[in-house]
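Visitor: Before I ask anything, here is the structure I am working with.
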Amino acid sequence: MSNDKIFAAPLNVEDVADCYFYHTMELPGYGVINGDWDLRRGLDDYLGNVVFAGQRVLEIGPASGFLTFEMEKRGADVVSVEVTTDHSWDFVPYPAFRLEEVLGPRQIVMQQLKNAYWLSHAAHHSKARVYYGDVYNFPAALGEFDVALMGSVLLHCRDPLRIVEQCGKKARSLIIIDMFHPDLEGASICRLAPTPQNFLWHTWWHFSTQFFTQFLAVMGFTTSEALSHQQYHRGKAYTLFTIVGQR
Ligand SMILES: C[S@@+](CC[C@H](N)C(=O)[O-])C[C@H]1O[C@@H](n2cnc3c(N)ncnc32)[C@H](O)[C@@H]1O
């Protein structure tokens with residue numbers, strides 16, 4: 001059983017100007033708010049065409065919560081895990097003098113992202129809950145889940161397989177969504193994304209689909225074939241993949 005004490009008290013956010021919307025979202029009372037990613041057209045594919053009715057879902061990294069509230073609309077009871085203020089990202093360890101310029105602004109954006117989640121939460125009269133904590137060490141109080149969703153988050157995390165492992169212990173179905181890199185296909189590999197030149201402080205990895213299907217098989221999950229789909233970032237189409245694993 002989960003213990004409700006670990007979940008965050010909702011933030012009272014009333015002004016869209018205090019928010020950063022990662023997702024384009026249509027909110028009751030506000031209309032359509034444009035965000036960086038518009039997942040509306042490709043939502044079912046993004047979520048692996050999984051049926052959410054009656055499912056308890058663990059969502060890693062909700063951002064502004066578009067997926068949270070869509071899964072909830074489909075009948076899921078959603079618990080999301082999000083970064084804390086103290087550990088606001090797994091920053092790639094570039095030299096301190098280079099990171100300094102991004103850390104301050106990042107703290108502000110991350111608070112605005114959480115504000116967007118809570119403003120949307122209120123607009124939807126959502127019952128979804130958030131645990132701000134360590135994604136590498138889930139507390140037992142989170143409880144057990146039918147489904148764990150890792151949407152476009154593992155590429156940003158230093159130890160993605162630890163997160164998959166943790167989710168695999170808590171849920172009997174896993175959904176992994178990430179960017180599709182055709183040049184990596186055919187082998188179970190991931191590639192380090194940051195270089196000294198690109199200053200990619202927020203993103204660690206490019207994955208092949210086999211990297212995850214093999215690891216899920218190692219953990220005893222059977223997997224669907226990776227489904228590729230197009231999603232839109234500021235109007236430009238990108239190809240992503242979704243893998244669903246079940247045990
Ligand atoms: C790129 S957004 C993806 C949002 C959403 N899951 C989706 O698929 O559209 C990444 C999300 O993961 C969260 N995140 C990044 N690193 C994390 C970490 N180490 N632990 C927990 N959440 C993290 C971010 O704060 C953000 O909410």
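Visitor: Can you sort Ser120, Ser173, Ser80 by how many other beta carbons sit within 10 Å, fewest first? Mind showing how you got there, number by number?
Guide: Details: Ser120 27, Ser173 20, Ser80 24.
Exposure proxy ranking, most exposed first: Ser173, Ser80, Ser120.
Visitor: Among DSSP beta bridges lying fully in the chain, give the percent that are antiparallel, nearest 5.
Guide: Percent antiparallel among DSSP bridges in the chain is about 55.
Visitor: So what is the relative contact order of the stretch 4-246, in percent, for Cα pairs below 8 Å that sit 6 or more residues apart? Let's see the in-between values first.
Guide: Values: 476 pairs, mean separation 54.7, N = 243.
It rounds to 23 percent for the stretch 4-246.
Visitor: When Leu47, Leu27 are ordered from fewest to most other Cβ atoms inside 10 Å of their Cβ, what list results? Each step should come with its number before you reach the end.
Guide: Values: Leu47 22, Leu27 18.
Sorted ascending by nearby Cβ count, the order is Leu27, Leu47.
Visitor: In the stretch 4-246, with Lys and Arg counted as +1 and Asp and Glu as -1 at Cβ, which of these residues, Leu27, Ser88, Ile6, has the Cα nearest the positive end of the dipole, that is, farthest along it?
Guide: The residue sitting farthest along the positive end of the dipole is Ile6.
Visitor: Taking Lys73 as the anchor, which lysines have their alpha carbon closer than 25 Å to its alpha carbon, excluding any fewer than eight residues away along the same chain?
Guide: Lys5, Lys114, Lys127, Lys170
Visitor: Still on this structure, please answer the following. Run lengths n ≥ 4 of DSSP H only: what is the helix-derived mean residue ellipticity at 222 nm for the chain, with -39500 (n - 2.57) per run over all residues, to the nearest 500? Kindly include the intermediate steps, with their values, before the conclusion.
Guide: Working: 5 runs with 61 residues, N = 247.
Value at 222 nm, helices only, nearest 500: -7500 deg cm²/dmol.
Visitor: Something else: Could you state the per residue volume, in Å³, of the convex hull enclosing the Cα atoms of the chain? Could you put the intermediate results ahead of the total?
Guide: Details: hull volume 31.8 nm³, N = 247.
Taking only Cα atoms, the chain has a hull volume of 129 Å³ per residue.
Visitor: For Val130, what residues show an amide H to amide H distance below 5 Å, using hydrogens built from the backbone and excluding near sequence neighbours?
Guide: Amide H neighbours of Val130: Ala8, Ser80.
Visitor: Next question, about the same structure. Which whole-number percent is the relative contact order of the stretch 25-146 (Cα, under 8 Å, 6+ apart)? Write out the running numbers ahead of the final one.
Guide: Values: 133 pairs, mean separation 38.8, N = 122.
Relative CO of the stretch 25-146 lands at 32 percent.
We did not get these values from a lab; they are worked out from the coordinates using the rules stated. Keep in mind that what you see is a predicted model, and the values were worked out from it rather than measured. In this analysis, Cβ positions are derived from the backbone assuming ideal geometry, glycine residues included, and neighbour counts consider all displayed protein chains.
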